[in-house]
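Working notes, structure below.
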Amino acid sequence: MSKHPEWLDATAEADVPDDDVIGLDIGGLDIALYRVDGTVYATDNVCTHGQARLCDGFLEGHEIECPLHQGRFDIRDGSPTCAPVTEAIRCHPVRIEGGRVLLQLRD
Ligand code: FES
């Protein structure tokens, strides 16, 4: 059974800026929240290549560029899209309810 099976209230939907990324501590995990074309996405915030926070990177469309070595991930499924990253970043299901962003954190 998952350690975080429940939906956690992350933040207000309005706190996630359009076409941008923010970093939050949610349930003890460092999480990046993005909004692209009105849809909110969530991934782990720490790059799989090194100790860099993706919320300090650059969001272009559905791709987040890591600030340290410019590796890239697709925030929709976490897949690596540009070297040097080779390992996918973990994604977390998002639900919007009553103007709040709810996350189901994956182990
Ligand atoms: Fe992210 Fe190297 S730490 S690409």
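The table for this structure:
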| read-out | value |
| --- | --- |
| Kirkwood hydrodynamic radius over Cα pairs of segment 13-53, then Stokes diffusion coefficient at 20 °C and 1.002 mPa s, in µm²/s | 201 |
| Whole-percent carbon and sulfur share, accessible surface of segment 24-107, 1.4 Å | 46 |
| The chain - charge dipole about Cα centre, Lys and Arg +1 at Cβ, Asp and Glu -1, debye rounded to 20 | 300 |
| Residue-normalised accessible area of the chain, given per residue in Å² at a 1.4 Å probe | 51 |
| Percent RCO, i.e. relative contact order, over segment 23-68, from Cα pairs under 8 Å lying at least 6 residues apart | 25 |
| Normalised contact order of the chain, rounded percent, pairs of Cα under 8 Å and 6 or more residues apart | 28 |
| Cα-only radius of gyration and Dmax that characterise the chain, units Å | 12.9, 39 |
| Per-residue ³J(HN,Hα) for segment 73-86, Karplus 6.51 cos²θ - 1.76 cosθ + 1.60, θ = phi - 60°, Hz, x for Gly and Pro | 10, 7, 6, 6, 9, x, 5, x, 10, 7, 4, x, 6, 10 |
| Local electrostatic count, ASP19, Cβ distance below 13 Å [Lys/Arg +1, Asp/Glu -1] | -4 |
| Dipole of the chain, positive direction: furthest Cα of GLY98, ALA42, THR86, with charges on the beta-carbon | THR86 |
| Nitroxide proxy distance, nm - points 7 Å out along Cα→Cβ at ALA52 and THR86 | 1.7 |
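The values are calculated or read from the model by the stated rules, or taken from the named source; none is laboratory data. Computed from a predicted model, the values in this text were never measured in an experiment. Note that each Cβ is placed from the backbone with ideal geometry, even for glycine, and that neighbours are counted across all protein chains shown. Remember, those area values only see protein heavy atoms, side chains included, never the ligands or the DNA or RNA. Shrake-Rupley method; radii C 1.70, N 1.55, O 1.52, S 1.80 Å.
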